[in-house]
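Working notes, structure below.
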Amino acid sequence: MPDITTHSDTKTDIKVERPRLHKVILVNDDFTPREFVVMVLKAEFRMGEDQAHRVMVTAHRRGACVVAVYTKDVAEAKATNATDAGRRKGYPLLFTTEPEE
Ligand code: TYC
């Protein structure tokens, strides 16, 4: 029988921490059509119509709204893709990211 030990060796214990998550934030502007914002939220963040509409209205009323949280790389890639979708149509639509506390 192989000698299997289940006790932890304190000398080699390594502290593993979860990666910090980053928020993707939708920023309001006066030009991007509401329906276009909803379409981008559905396509890039896999939201349903109702949730996408709520997020868009919150950003519209309050100036900005947290869309979702992801690891840093994913948050930045999604924010860039979503911002670029607006830019291709000539809209100033902006998604930013910031680390969670
Ligand atoms: N304020 C825009 C309008 O009235 C709609 C809009 C909502 C744009 C949210 C951006 O993040 C945004 N057409």
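What to note about this one:
- A search for C-beta distances below 8 Å between a residue of the range 58-71 that is on the phi > 0 side of the Ramachandran plot and any residue that is near the ligand (Cβ under 10 Å from one of its atoms) and open to solvent by 50 Å² or more (accessible area, probe 1.4 Å), counting only pairs 6+ apart in sequence or on different chains, returns 63/28.
- Screening the range 29-46 for residues that are open to solvent by 60 Å² or more (accessible area, probe 1.4 Å), closer than 22 Å to residue 90 by Cβ and not hydrophobic (A, V, I, L, M, F, W, C) and picking the one that is nearest to the chain's Cα centre (by Cα) gives 42.
- Residues that are more than 6 Å from the ligand (Cβ to nearest atom) and closer than 18 Å to residue 81 by Cβ within the range 28-50 comprise 36, 38, 39, 40, 41, 42, 43, 44, 45, 46, 47, listed in sequence order.
- Selection within the range 65-94 - touching a Ser or Thr at 6+ places or on another chain (Cβ under 8 Å) and more than 16 Å from residue 33 (Cβ to Cβ): 65, 72, 75, 76, 79
- Residues that are part of a helix (DSSP H, G or I) and open to solvent by 70 Å² or more (accessible area, probe 1.4 Å), drawn from the range 47-75: 49, 50, 51, 53, 54, 60, 61, 62, 72, 73
- Against the conditions (1) modelled with pLDDT of 95 or more; (2) more than 8 Å from the ligand (Cβ to nearest atom), residue 9 satisfies every one except (1).
The values are calculated or read from the model by the stated rules, or taken from the named source; none is laboratory data. Remember, it's a predicted structure, so these values are computed and weren't measured experimentally. Please note: Cβ atoms are built from the backbone with ideal geometry, for glycine as well, and neighbour counts cover all protein chains shown. Calculation scope for accessible area: heavy atoms of the full protein, side chains included, ligands and nucleic acids excluded. Shrake-Rupley method; radii C 1.70, N 1.55, O 1.52, S 1.80 Å.
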